[in-house]
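Let me begin by presenting the structure, written as structure tokens, before commenting on it.
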Amino acid sequence: MIEAVLAMGLLTIIGLILLKLSLNILMPRQWTVQQTITNAYMSYERALAERIPFENLVASNSPWPAFPTTNSENVELGRLPGGRLITGTVTRTRMPYENNFPIDGGSGTIDTNPAAMKVWKVQSVATYTIGGRNYAKSRTVLRSQ
């Protein structure tokens, strides 16, 4: 009987050690999954910034208002295995290129901007919390017309 109890105790200890080792292996994998999910969402933000018509981008009701004004939106960034939801806040803004004409937010002149180019830096920043830690990712796109 004593031998059986000792054997069961030893097997329990070995089992717990192996469980801890397997959890240590899974943690970096979980990190990779979280990064992949949030990077995928930020790729969506970048694609949205690249495909929006320029007229809609510079309109007064644009999803990217002119800096210093920002537009914040709570979004679902994705789901982890097991269905755990990753939510965050996406903040959007756009900044004019300094060589734009004054009507377009810059200080350019006909000498410095003879083609009358309109260039805007469109920025999206996602902030989210996982495991009590705060993270932020950003994507910036240059749009011109």
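Filter the range 111-137 down to residues that are free of Cβ contacts under 8 Å to residues at least 40 places away in the same chain and within 11 Å of the chain's Cα centre (by Cα), then give me how many there are.
The qualifying residues number 3.
For ALA59, state whether it is closer than 29 Å to TYR128 by Cβ, touching a residue at least 24 places away in the same chain (Cβ under 8 Å) and among the small types (Gly, Ala, Ser).
Criteria not met by ALA59.
Return yes or no: is MET42 in a helix (DSSP H, G or I), among the hydrophobic types (A, V, I, L, M, F, W, C) and surrounded by 11 or more Cβ atoms within 10 Å (Cβ to Cβ)?
So MET42 passes the test.
Could you list, in sequence order, all residues of the range 8-53 that are under 30 Å from LEU142 (Cα atoms), modelled with pLDDT of 85 or more and out of contact with any strand residue (DSSP E or B) (no Cβ under 7 Å at 6 or more places or on another chain)?
Matches in the range 8-53: THR36, ASN39, SER43, TYR44, ALA47, LEU48, ARG51, ILE52, PRO53.
I'm checking my understanding of the structure. Among residues of the range 95-126 that are of a type outside the set (Phe, Trp, Tyr) and closer than 18 Å to LEU48 by Cα, which one is surrounded by the most Cβ atoms within 10 Å (Cβ to Cβ)?
SER124
The values are calculated or read from the model by the stated rules, or taken from the named source; none is laboratory data. Note that the coordinates shown come from a computational prediction; the quantities given were computed from them, not determined experimentally. Cβ atoms come from the backbone with ideal geometry, glycine included; neighbour counts cover every protein chain shown.
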